[in-house]
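K.L.:
So that we are looking at the same thing, I have put the structure below in structure tokens.
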Amino acid sequence: MPLPPLTENGELPLGVHSGSLREVLDRFGVGSDQRKALALRLARVHRVGQATGHLARFVIFGSFGTSKSEPVDRHGTSPPELPEAPWNKPPRWP
């Protein structure tokens, strides 16, 4: 499923949206020199994460995913995949 359209405020709607790195870079890594530079850094961080062999997902947040022509930040993280163990499972409520 493609990324949704931006809201009238120039932001993605609230929620978690899935997309390939290519889709994100094609949509948000164009325009200003600032956007292009941030896209290159984001791609480099992703490439380093992939090289570890442990990249399961890559979460991007910050003003990079908005319509701002000069985003001031881009945040990317790779939440760790925890091994299956009883203490890593969410609590069960009665």
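Coordinate-derived values only; no laboratory data. If you're wondering where the values come from, they're calculated on a predicted model, not measured in any experiment. Neighbour counts run over all protein chains shown; Cβ positions are idealised from the backbone, glycine included.
Conditions (1) over 13 Å from the mean Cα position of the chain (by Cα); (2) in contact (Cβ under 8 Å) with a residue 24 or more places away in the chain; (3) not in a helix (DSSP H, G or I), marked per residue:
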{"site": "P5", "(1), (2), (3)": "yes, no, yes"}
{"site": "V16", "(1), (2), (3)": "no, no, yes"}
{"site": "R22", "(1), (2), (3)": "no, no, no"}
{"site": "G31", "(1), (2), (3)": "yes, yes, yes"}
{"site": "R35", "(1), (2), (3)": "yes, yes, no"}
{"site": "L42", "(1), (2), (3)": "no, yes, no"}
{"site": "V48", "(1), (2), (3)": "yes, no, no"}
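K.L.:
Condition first: buried (at least 18 other Cβ atoms within 10 Å of the Cβ) and under 18 Å from V72 (Cβ atoms). Now tell me which residues in the stretch 38-47 satisfy that. Steps first, please.
P.N.:
First pass over the stretch 38-47, keeping only residues buried (at least 18 other Cβ atoms within 10 Å of the Cβ): 38-39, 42, 46.
Across the stretch 38-47, the qualifying residues are L38, A39, L42.
K.L.:
I need the full set of residues from the stretch 17-37 which are surrounded by fewer than 14 Cβ atoms within 10 Å (Cβ to Cβ) and touching a helix residue (DSSP H, G or I) at 6+ places or on another chain (Cβ under 8 Å), in order please.
P.N.:
Result: V30, single match.
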